[in-house]
Structures are given as C-alpha cells and as structure tokens.
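These notes are about the structure you will find just below.
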Amino acid sequence: MRLGAQEARLVPGSLVHALYGKDVIYERHRHRYEFNNHYLDELSDAGLTFSGFSADGLVEFIELRSHPWFVASQFHPEFTSTPRDGHPLFAGFVRAAREYRAALRPGRATA
C-alpha cells in the first residue's frame with residue numbers, strides 16, 4: 001500500500017509539468033493501485049501520454065493531449081488543497097474550463 005507523500009518526477013513539456021512548474025513533486029497517496037507498465041508502450045501508441053513517474057518507475061500521471069484537459073493522477077490532490085490555496089490540478093482544470101467556455105462564446109463576459 002502506498003501511503004503518505006511520494007515523489008513524482010514530471011516529464012518536461014507535459015501539462016502537469018507546466019501546472020506545477022517543477023521537475024519533482026511530492027503528493028499524498030492512500031491506495032493499493034498501480035498502473036501495469038506492461039501496457040505502457042501499447043497505450044502510449046494509442047495516444048495516452050505518461051507525464052509523471054514515481055522514483056521506482058510507477059506511473060503517477062497520465063494525459064490525453066487530444067482532449068482539451070485530461071489529466072489523471074495516482075494520488076489524492078484533495079488532501080493538500082484548501083479554499084485559499086487550491087491544488088495546481090484543480091486550479092488548472094478551472095482555468096482550462098473557463099478558457100474553453102470563452103472560446104465557445106467569444107465576446108461574452110467570462111465571470
């Protein structure tokens with residue numbers, strides 16, 4: 001079981017790297033799940049991007065670049081997010097949703 005803060009190394013050029021602005025992050029885990037690396041090449045060839053890995057090589061982040069904003073993580077961002085200091089993933093999602101809405105409705109207020 002993966003518990004507590006775990007190191008993740010982010011892939012430069014990925015969305016999560018841009019959101020965090022760091023090469024290495026630490027995030028809280030509480031699970032027994034992991035990605036089966038046997039399928040890494042096959043899913044990468046199908047368009048899934050693996051954008052963060054643990055120190056021992058487990059997938060921590062995936063992205064789908066063909067989607068306006070698709071990010072999945074192996075950890076719990078809600079554990080370290082507060083109303084005054086939102087987690088980078090939540091802030092990035094809200095920002096992307098606002099930009100998407102503005103693109104659909106040009107010239108309208110985006111309050």
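The values are calculated or read from the model by the stated rules, or taken from the named source; none is laboratory data. For clarity, every value in this text was computed on a predicted model and none was experimentally measured. Neighbour counts run over all protein chains shown; Cβ positions are idealised from the backbone, glycine included. Heavy atoms of the whole protein, side chains included, go into the accessibility calculation; ligands, DNA and RNA do not. Shrake-Rupley method; radii C 1.70, N 1.55, O 1.52, S 1.80 Å.
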> When the dipole is taken about the Cα centre of the chain, and only Lys, Arg (+1) and Asp, Glu (-1) are charged at their Cβ, what size is it in debye, to the nearest 20?
Replying inline: 700 debye
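Once a ≥ b ≥ c are taken as the square roots of the eigenvalues of the Cα gyration tensor of the range 56-99, is the result rounded (a/c under 1.5), prolate (a/b larger than b/c) or oblate (a/b not larger than b/c)? Don't jump to the answer; show the numbers that get you there.
Working: a/c = 3.69, a/b = 1.09, b/c = 3.37.
Oblate is the answer for the range 56-99, as a/c is 1.5 or above yet b/c matches or exceeds a/b.
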> Rank Val71, Val94, Val59 by accessible area, highest first, at a 1.4 Å probe radius?
Replying inline: Val94, Val71, Val59
>> Let me check something: with ligands and nucleic acids excluded, how do Tyr26, Tyr20 order by accessible area (1.4 Å probe), largest to smallest?
In response: Tyr26, Tyr20
> In whole Å, what is the distance between the alpha-carbon centres of the range 10-40 and the range 42-95?
Replying inline: 6 Å
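So what is the 222 nm mean residue ellipticity for the chain from helices alone, if each DSSP H run of at least 4 adds -39500 (n - 2.57) and you divide by all residues, rounding to the nearest 500 deg cm²/dmol? If you can, show how the numbers build up before the last one.
Values: 3 runs with 29 residues, N = 111.
Rounded to the nearest 500, the figure is -7500 deg cm²/dmol.
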> Using r as the Cβ-Cβ distance of Glu7 and Asp45, and R0 as 25 Å, what FRET efficiency do you calculate, to the nearest 0.05?
Replying inline: 0.35
>> Going 7 Å from the Cα of Leu64 along its beta-carbon direction, which residues of the range 10-25 have the amide nitrogen within less than 18 Å of the resulting point?
In response: 15-16
>> Compute the helix-to-body angle for 88-104: its Cα long axis versus the longest principal axis of the chain, expressed 0 to 90° and rounded to tens.
In response: 40 degrees
>> Given the whole protein assembly as supplied and a 1.4 Å probe, what does the accessible area of Glu27 come to in Å², nearest 10?
In response: 10 Å²
> R0 = 30 Å: FRET efficiency of Phe79 with Ala103, Cβ-based, nearest 0.05?
Replying inline: 0.40
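Under a 1.4 angstrom probe, counting protein chains only, how are Ser73, Ser14 ranked by accessible area, largest first? Walk me through the numbers before you get to the answer.
Values: Ser73 40, Ser14 5 Å².
Ranking Ser73, Ser14 by accessible area, largest first, yields Ser73, Ser14.
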> Taking only the alpha carbons of the chain, what extent do you get along each of the three principal axes, in Å, biggest first?
Replying inline: 48, 36, 23
> Toward the positive end of the charge dipole of the chain, about the Cα centre and with charges on Cβ (Lys, Arg +1; Asp, Glu -1), which of Pro77, Leu104, Ser66 goes farthest?
Replying inline: Leu104
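What number comes out for accessible area per residue over the chain if the probe is 1.4 Å? Units Å², please.
Details: 7450 Å² over 111 residues.
For the chain, the solvent-accessible area averages 67 Å² per residue.
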> To the nearest 10 square angstrom, what accessible area does Arg101 show with a 1.4 Å probe?
Replying inline: 110 Å²
